[in-house]
Amino acid sequence: MTMDIYAVIDTNVLLSALLSKKEDAATVKVLDAVFDGRVIPLYHQAILAEYHEVLHREKFHLQENLIRKVIEAIRQFGVEVFPQPTGAALIDMDDLIFYEVAMEKRDDEAYLVTGNQRHYPFRDFIVSPAEMIAIIETAGRN
């Protein structure tokens, strides 16, 4: 019996995965895990809107079809979450929706995968891409 792994993927992780030249980069592996069903992404319309806005920034030169493919995969394979306000105050309040979506699904042991852990409170479910890969690999063995 495999356990479902739910995760909110921070925009910086997606961006890093799409810009990476290394197939074995942790961010690339996290995105691969979404595509192959090992991670069920959690999202909210505000998160999809941020993905759309950031990934379309001209400086990143990402192809439209690639952006669409990634956002559609998150929508298709993911679970939309409507979080309750947590009242948390974060360094960058734009990050609040990512935190609140993860908090809403803590009963399902949801994670928040980010390259900016310092932007969030210290919590064991807020993990780096490398830590997320370790969690996925451990779950795969159990």
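The values are calculated or read from the model by the stated rules, or taken from the named source; none is laboratory data. Keep in mind that what you see is a predicted model, and the values were worked out from it rather than measured. Here the Cβ positions follow ideal geometry from the backbone for every residue, glycine too, while neighbour counts run over all protein chains shown.
Here is a yes/no grid of residues against (1) touching a Leu at 6+ places or on another chain (Cβ under 7 Å); (2) on the phi < 0 side of the Ramachandran plot; (3) not hydrophobic (A, V, I, L, M, F, W, C):
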| site | (1), (2), (3) |
| --- | --- |
| Ile9 | no, yes, no |
| Val13 | no, yes, no |
| Arg38 | no, yes, yes |
| Pro41 | no, yes, yes |
| Phe60 | yes, yes, no |
| Arg68 | no, yes, yes |
| Ala73 | no, yes, no |
| Glu80 | no, yes, yes |
*Output the number of residues of the range 20-46 satisfying the condition of being in contact with a strand residue (DSSP E or B) (Cβ under 7 Å, 6 or more places away or on another chain) and of a type outside the set (Phe, Trp, Tyr).*
7
*Can you find a residue in the range 34-50 that is in contact with a Pro (Cβ under 8 Å, 6 or more places away or on another chain), touching a residue at least 40 places away in the same chain (Cβ under 8 Å) and surrounded by 13 or more Cβ atoms within 10 Å (Cβ to Cβ)?*
yes
*What number of residues within the range 7-24 are in contact with a helix residue (DSSP H, G or I) (Cβ under 7 Å, 6 or more places away or on another chain) and either at pLDDT below 95 or within 21 Å of Arg118 (Cα to Cα) (or both)?*
10
_On the basis of being among the charged types (D, E, K, R) and either in contact with an Asp or Glu (Cβ under 7 Å, 6 or more places away or on another chain) or at pLDDT 95 or above (or both), does Asp32 make the cut?_
yes
*Tally time: how many residues in the range 51-67 are part of a loop (DSSP other than H, G, I, E, B) and surrounded by 14 or more Cβ atoms within 10 Å (Cβ to Cβ)?*
1
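Looking at the range 125-142, which of its residues are of a type outside the set (Val, Ile, Thr) and at pLDDT 95 or above?
Matches in the range 125-142: Phe125, Ser128, Pro129, Ala130, Glu131, Met132, Ala134.
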*asked:* Can you pull out every residue in the range 85-119 that is surrounded by 13 or more Cβ atoms within 10 Å (Cβ to Cβ), closer than 18 Å to Glu53 by Cβ and without any contact (Cβ under 8 Å) to a residue 12 or more places away in the chain?
replied: Leu96
*Complete set of residues in the range 34-44 that are under 23 Å from Tyr120 (Cα atoms) and in a helix (DSSP H, G or I)*: Val34
_Looking only at the range 69-94, filter to residues that are in contact with a helix residue (DSSP H, G or I) (Cβ under 8 Å, 6 or more places away or on another chain) and acidic (Asp, Glu); which one of those is nearest to Asp10 (Cα to Cα)?_
Asp94
*Within the range 68-84, considering residues that are touching a residue at least 40 places away in the same chain (Cβ under 8 Å) and part of a helix (DSSP H, G or I), the one surrounded by the fewest Cβ atoms within 10 Å (Cβ to Cβ)*: Phe77
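May I ask you to list the residues in the range 1-24 that are β-branched (Val, Ile, Thr), surrounded by 14 or more Cβ atoms within 10 Å (Cβ to Cβ) and part of a loop (DSSP other than H, G, I, E, B)?
Initially, the range 1-24 is screened for residues β-branched (Val, Ile, Thr), giving 2, 5, 8-9, 11, 13.
Okay, now just the ones that are also surrounded by 14 or more Cβ atoms within 10 Å (Cβ to Cβ), so 5, 8-9, 11, 13.
Within the range 1-24, just Ile5 meets the criteria.
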